[in-house]
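**Student:** Once you've had a glance at the structure underneath, I'll fire off some questions.
The values are calculated or read from the model by the stated rules, or taken from the named source; none is laboratory data. In this text the structure is predicted, and so the values were computed from the model without any measurement. No Cβ is skipped: glycine too gets one built from the backbone with ideal geometry, and neighbour counts run over all protein chains shown. Heads up: the accessible areas ignore ligands, DNA and RNA and are worked out on the full protein's heavy atoms, side chains in. Shrake-Rupley method; radii C 1.70, N 1.55, O 1.52, S 1.80 Å.
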Amino acid sequence: MAVSAIHWELLDHRADKPVEIGDAVSIEAGGMPIWRVVGLAGRKAWLDDERGVTRLLKSLDDFRWRAPNAA
């Protein structure tokens, strides 16, 4: 079974666009829980959980880590 590691980067809160749609973000350094950015609203992001069950609008200031969109 192939396993791919997520290469987390520190989220740059000073950037004009700290995340892009498709990026994964996390509050914890260990990467859990992982949220997927599905939309942007100013300095907030619409996020889906890994299963796509929960969608929420949250400030990007709450997050410290991002994994760039692999697509």
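**Student:** How much area per residue is accessible in the chain when the probe is 1.4 Å and only protein heavy atoms are counted (Å²)? Can you show the working numbers first?
**Tutor:** On the way: 4890 Å² over 71 residues.
Per residue, the chain has 69 Å² of solvent-accessible surface.
**Student:** So, counting K/R as plus one and D/E as minus one, what does the shell of residues with Cβ under 9 Å around Asp48 add up to?
**Tutor:** Numbers: positive: Arg36, Arg51, Arg55; negative: Asp49, Glu50.
Its environment carries a net charge of +1.
**Student:** Given that just one value was derived from the coordinates, which of (i) 78; (ii) 129; (iii) 93 is volume of the Cα convex hull per residue in Å³?
**Tutor:** Correct label, based on the coordinates given: (iii).
**Student:** Roughly how many percent of the accessible protein surface of the chain is carbon and sulfur, given a 1.4 Å probe and a whole-percent answer? Before the final figure, lay out each step's value.
**Tutor:** Numbers: 2620 of 4890 Å².
Percent of accessible area from carbon and sulfur atoms in the chain: 54.
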